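Data block below; observations after.
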Amino acid sequence: MFECPNCAHNLKFDIKAQQMKCDACESLFDPYVIEMDRYAENSEYFETNIFTCPQCGGQIISEDTEIATFCLFCGSATILTEHLSQEKRPDYIIPFQKTKEDCIKAYKKMMKKAFFVPKEFKDEKFIDGFKGVYIPYWTYNFHAKEKMCLKGTLTKQERDRVLTEKYNIFADVDAEFKGDYYDASASFYDEISYALAPYDLSKSKKFTTGFLSGYYANCAEVDEFIYLSDSEELAKKEISQKITQDNAFSRYELYDKDKIEINFVSRAEKVLFPVWLMSYRNKDRVAYAAVNGQTGKIVADFPVDTKKFLLSSLLLALPIFALLNFIVVLTKAEVVALGLFWLFLSLMMYALELYDIYEKESMYTDKGIFRQTDSLKTIKNRLKGAGDFLPGALFLRIFGFFFRMNWIYKMIFIIGFIWCGIVHYRFLDITIWPFIIVLDICGLCSVGGQLMKFKQTKNYLAVILSTVALIISSIVLLLNPIQVLGYHCATGLSLFALAVNFIFIIKDYNGLAMRKLFRFNSEGGRDFE
């Protein structure tokens with residue numbers, strides 16, 4: 001703890017003043033001066049308390065003993081084990097710029113748009129659970145200074161002929177690339193860290209322990225070399241683009257301009273970034289809300305209240321059904337085929353949901369977790385923004401999944417959509433239903449294939465009901481009975497299977513929003529619980 005030189009009470013970093021402030025006498029002090037008084041030597045290491053969660057193994061640096069009863073990362077109310085440790089000093093730190101009040105205000109603003117979020121997420125006691133924590137990041141700087149030779153051509157038009165001249169183009173390259181960063185914490189998801197970006201590194205300051213007073217810091221478990229290749233690839237791309245756009249080169253048609261070899265001298269620095277973090281645990285899953293402590297940008301995992309969503313959907317569906325009942329007149333076969341088509345759409349949405357869950361829980365895109373896996377491929381595409389964290393993502397998934405399909409599925413979707421629009425003219429009802437049946441078979445295969453990926457047993461009820469609905473509807477369409485009872489039963493069964501599929505979609509969306517709880521080992525790696 002830092003003691004006030006005037007009254008010996010606790011000093012904490014005050015965000016508004018950007019200085020150390022005494023709780024009692026409200027005196028302000030420079031964080032660097034306070035540390036000089038506390039540490040006589042400018043050591044490469046500093047002594048601090050490390051708190052370890054027995055539930056998940058996550059580690060937090062803090063001098064505040066209140067944290068000993070709650071884990072920031074898994075949301076467990078448990079007694080954390082404490083020990084003194086010598087931690088290597090970060091190079092820089094971005095102090096908090098946004099207060100807890102700013103953080104809560106941003107969260108409540110987001111909650112106004114979250115209509116289907118469970119009521120627990122809007123509880124004042126829950127919202128007050130935001131904690132200020134510094135997350136360690138590796139920042140990479142690259143410098144290239146070398147002689148370069150590129151091969152290129154210059155084409156000239158002379159009267160009735162075209163001349164192509166070949167050149168060796170020599171240049172002295174003196175380039176610098178800096179400011180690329182990746183989180184160095186194994187307990188902080190890369191997905192969230194990317195969504196919280198950007199941070200302004202120009203506002204970073206030389207590290208001093210005074211900035212940590214009153215806040216927490218996460219330990220850096222990820223080695224600096226894990227993300228080096230990714231950052232170097234980005235640096236090469238940026239510098240190569242600058243070189244080829246230079247006036248000295250732009251007039252030439254360069255050979256292999258995408259494969260320019262550049263030799264870098266690299267340097268990695270550890271910087272602490274400010275984050276307001278809140279966790280919510282439900283059994284073996286945990287949801288996070290995180291706010292960028294510099295810019296105020298918010299990212300959150302929001303599950304959906306199933307009852308609220310289904311009730312709202314029903315209230316919306318009734319007037320739409322009544323309106324369509326007056327506008328569109330369909331034959332018995334068309335109604336059955338239409339039910340099968342919507343069943344296909346629900347199956348495809350469910351398959352995409354399962355794909356997302358498998359991809360997220362396999363965690364192969366988070367190099368902080370798989371840093372000991374030699375076969376891990378370079379991550380080339382980062383997640384952008386926080387779309388998958390918002391409740392609105394459920395609707396984006398329903399209406400926007402078309403854009404994620406390959407061109408074959410897109411053509412199937414377009415053809416089916418056109419049919420839905422013109423089916424009441426009745427000139428397609430003879431040939432369209434076999435095509436719809438094929439679509440449903442494809443949907444069933446897609447869902448079944450995704451379910452088989454999971455080691456743990458998944459519920460096949462949606463597949464079974466959809467299969468039964470497909471078989472009965474196919475029989476009715478093939479036999480074409482005179483009685484309407486068969487058509488009503490087939491349509492009703494398809495709609496029932498459709499409703500069950502949507503219940504599973506919502507249920508698994510909640511599983512996607514709330515992350516699988518991991519167990520951190522002593523070296524910072526993770527295992528599933």
| request: Give the calculated FRET efficiency between residue 234 and residue 148 to the nearest 0.05, with a Förster radius of 25 Å applied to their Cβ-Cβ distance. | output: 0.85
| message | For region 439-509, what does the relative contact order come out to in percent, with C-alpha contacts under 8 Å and a separation of six or more? | response | 32 percent
| field | Extension reserve of the residue 85-residue 167 stretch, reckoned as 0.36 nm per residue once the Cα distance is removed | value | 23.5 nm
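Which FRET efficiency value, to the nearest 0.05, is calculated for residue 45 and residue 119 with the Förster distance at 60 angstrom and r the Cβ-Cβ distance?
Working: r = 46 Å, r/R0 = 0.77.
Calculated transfer efficiency: 0.80.
If you wrap a convex hull around the C-alpha atoms of region 101-207 and split its volume per residue, what is the figure in Å³? Walk me through the intermediate numbers first.
Numbers: hull volume 28.5 nm³, N = 107.
It comes to 266 Å³ per residue, whole-number rounded.
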| message | I'm a student and want to see the number: the projected area of the Cα convex hull of region 275-345, averaged over all directions, in nm². | response | 8.6 nm²
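If packing is taken as the mean number of other Cβ atoms within 10 Å per residue, what is the order of 505-514, 212-221, highest first? Kindly include the intermediate steps, with their values, before the conclusion.
Values: 505-514: 20.2, 212-221: 22.9.
Averaged packing, sorted descending, gives the order 212-221, 505-514.
For the pairs 105/205; 109/205; 21/131; 100/125; 308/507; 307/507, flag any whose C-alpha to C-alpha distance is greater than 22 Å. Could the numbers behind the result be given before it?
Numbers: 105/205 27 Å; 109/205 31 Å; 21/131 19 Å; 100/125 14 Å; 308/507 13 Å; 307/507 11 Å.
The pairs that break the limit, which is 22 Å between Cα atoms, are 105/205; 109/205.
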| query | Modelled label-to-label distance, residue 246 and residue 312, 7 Å Cα→beta-carbon offset: nm? | reply | 5.5 nm
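No lab work stands behind these numbers, since they all come straight from the coordinates. None of these values were measured; they are calculated from a predicted model. In this analysis, Cβ positions are derived from the backbone assuming ideal geometry, glycine residues included, and neighbour counts consider all displayed protein chains.
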